[in-house]
Structure formats: structure tokens, C-alpha cells
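Take a look at the structure set out below.
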Amino acid sequence: MTTPPDNRLLTVFPPFPRFRLIRNRTALIIVDMQYLDAHPDFGIGRTAQEAGATHMFAQYWPAVRHALDNQKQLIEAAHRNGVQVIFTRIATQTRDARDVGRQHRLVGLPVPRDSYEACLLEELPVGPDDIVLSKTSSSPFNTINIDRLLHNLGIDTLLVCGVVSNGCVEGTIRDASDLGYQTVMIEDACAAVTPDLHQAAITNLKDAFCNCRSTLDVVAELATRSHQ
């Protein structure tokens, strides 16, 4: 059972303000929703099957499905309201993955750029003006020029979701916040291997690095502010 937060901490560390979502200054970042780690029959899912360890992911795949359903709502809302959509994926720049980062090499995640595991899930409604970025690190801010890209687009507010909550999602949010972006974790559009790990990410991030909000809340605000 998750331990409830101690509200006395708010007397020492006040909560973050609620960041406003202004469409031409906001981007939706979908983290690593690809066949490597978001489908039970490929990547880590297939490796778990071959190792007889599918039970370790029994809670993960339903959570990914739930997150994906919410991500589709978010992407459609972003497209309707003129919000830039950015997908990150774990993938190298070379066909033989020789440029894979040390950390990904050590954990067995060299994902060649043309492999099926590098592909985004087909169910994601990727638009013609959406951006897909390949990275060889947990956070895209460490290995690609996303900070310059966001600066060029005039973006100062990031809506972040994807997998896994306590891994690449958390790393992305921490780095974005440290760089000065107003950052929102869309918690019901994220997934982790267990509910406890998902909750741990929320506990670590909320009011220290980001707002934590629901899909319905974000979709509603984007619609309200569609004229901006």
C-alpha cells in the first residue's frame, strides 16, 4: 500500500503553480511508445517470454494499454488545437547500433534504427507535422538537440507521458524542469512495470519537478485555450 504524502512538507516546500497550457508555447512529448518496450510480443516482451519471465510484466502490459488509450486522446486533442506533438524513441543513428550509449549497451538495449523494435506503435495517430526523435539515452536532453528544437519552436511548456514512468519519463521530466521548462506529467498516460514503481515516479516528481495531471484535465484545458 502506498504511504500517503505528509502534508507538513508543504509548509517547507510549497506546491508548484498550475502551469497554463498556451497552445503555441506547449508541446506534447510521447516517450518511447515503440515495439521495443510497449508491446508484449516484441523487444523486452519477447525476451521475457523466452526467459520464462512473463509473470514479471503481468501488470505492465495492461497499464501500457491503458496509457496508450489515453495517449491517443491527447494526440488527437493536440492536433485539433495546434499543439506540437513530439515522439521520442530509443534508436541508434546507425544500422548496426555501433553508436549505442554505454548505459543502453550495458542493459542490452542496442536498438538499430531500422529494426522493428525502433518503430512507434502502429496505433499511435502520428500526424504529418509531428516530430519523431531518436535517442540513445533515457532522457532525450542528453543525446539529441531537443532543447534547441523546442527553443526554435518557441516552446516553454511540456506535456510528458509514455513509458516507463520511473525511467525515461522521469528522466525526461527532471531534465526538462532543470532546463527551465514548465513541465506536466500526464500520470494516467504513463505506465511502469508495477503500480508501485509508477506511484514512486509520481511521488518523486510532483511539485518538485512538475505538475501531475490527468488526461481528461489536459484535454479539457487544451480545448478551452484553443483560441490562444
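The residues of the range 51-108 present an accessible area of 54 Å² per residue when probed at 1.4 Å with all protein chains retained.
Report summary: the helix-based calculation at 222 nm, which adds -39500 (n - 2.57) for every DSSP H run with n ≥ 4 and divides by the residues of the chain, gives -9000 deg cm²/dmol.
Backbone amide hydrogens, once placed in the peptide plane, bring V85 within less than 5 Å of L28, I131, excluding anything fewer than 5 places away on its chain. Taking the protein heavy atoms of the range 84-174 in the context of the full set of protein chains, the accessible area attributed to carbon and sulfur is 48 percent at 1.4 Å.
Across the range 196-203, computed HN-Hα scalar couplings (Karplus, 6.51 cos²θ - 1.76 cosθ + 1.60, θ = phi - 60°) run 5, 5, 4, 5, 4, 5, 4, 4 Hz from first to last residue, x flagging Gly and Pro. Here, the range 114-190 yields an orientationally averaged convex hull projection of 5.7 nm² when only Cα atoms define the hull.
Each Lys or Arg adds one and each Asp or Glu subtracts one; over the other residues with Cβ under 12 Å from the Cβ of T172, this totals -3. From the coordinates of this entry, Cα extents along the principal axes in Å is computed, and it appears in (1) 56, 31, 30; (2) 70, 43, 35; (3) 47, 43, 30 under the label (3).
The values are calculated or read from the model by the stated rules, or taken from the named source; none is laboratory data. These numbers come from a predicted model, not from an experiment. All Cβ positions, even for glycine, are placed from backbone atoms using ideal geometry, and neighbour counts span all protein chains on display. SASA here: full protein model, heavy atoms, side chains in, ligands and nucleic acids out. Shrake-Rupley method; radii C 1.70, N 1.55, O 1.52, S 1.80 Å.
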